[in-house]
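Quick note: the coordinates plus some simple rules give every number you see, no bench work behind them. What you are looking at is a predicted structure, and each value in this text was computed from that prediction instead of being measured. Cβ placement follows ideal geometry from the backbone for every residue including glycine, while neighbour counts extend to all protein chains displayed.
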Amino acid sequence: MTPESALQLQKLGHGCVLESGAGLAAGFTDEAYRKAGVEVVDSAEALFASVDVIAKV
């Protein structure tokens, strides 16, 4: 998920949560996701505890 795709998902009424550092290999910082309205959490456990659906690549 890119910050731009996160914006699109949110426009459709979905919330987005991302584990810290998950976008780094693709060139996206945690701050870029935060600016897009994504909640960035510190661990996979925190992510799993806060969502209903997970999309993982």
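Looking at Ala22, is it out of contact with any Pro (no Cβ under 7 Å at 6 or more places or on another chain), surrounded by 11 or more Cβ atoms within 10 Å (Cβ to Cβ) and assigned to a helix (DSSP H, G or I)? Give the derivation first.
Details: out of contact with any Pro (no Cβ under 7 Å at 6 or more places or on another chain): yes; surrounded by 11 or more Cβ atoms within 10 Å (Cβ to Cβ): yes; assigned to a helix (DSSP H, G or I): no.
So Ala22 fails the test.
Of all the residues that make up region 25-35, how many are loosely packed, with under 13 Cβ neighbours inside 10 Å, touching a residue at least 24 places away in the same chain (Cβ under 8 Å) and not aliphatic (A, V, I, L, M)? It would help to see each step written out before you state the result.
The initial filter retains those residues of region 25-35 that are loosely packed, with under 13 Cβ neighbours inside 10 Å, namely 25-27, 31, 35.
Adding the requirement that they be touching a residue at least 24 places away in the same chain (Cβ under 8 Å) leaves 26, 35.
Still in the running and not aliphatic (A, V, I, L, M): 35.
The qualifying residues number 1.
Quick check on region 36-57: of everything there that is touching an Asp or Glu at 6+ places or on another chain (Cβ under 7 Å) and either among the β-branched types (Val, Ile, Thr) or in contact (Cβ under 8 Å) with a residue 60 or more places away in the chain (or both), which residue is nearest to Gln10 (Cα to Cα)? This residue is Val40.
For Gly13, are the conditions met, namely being loosely packed, with under 10 Cβ neighbours inside 10 Å and on the phi > 0 side of the Ramachandran plot?
Working: loosely packed, with under 10 Cβ neighbours inside 10 Å: yes; on the phi > 0 side of the Ramachandran plot: yes.
When the stated conditions are applied, Gly13 passes them.
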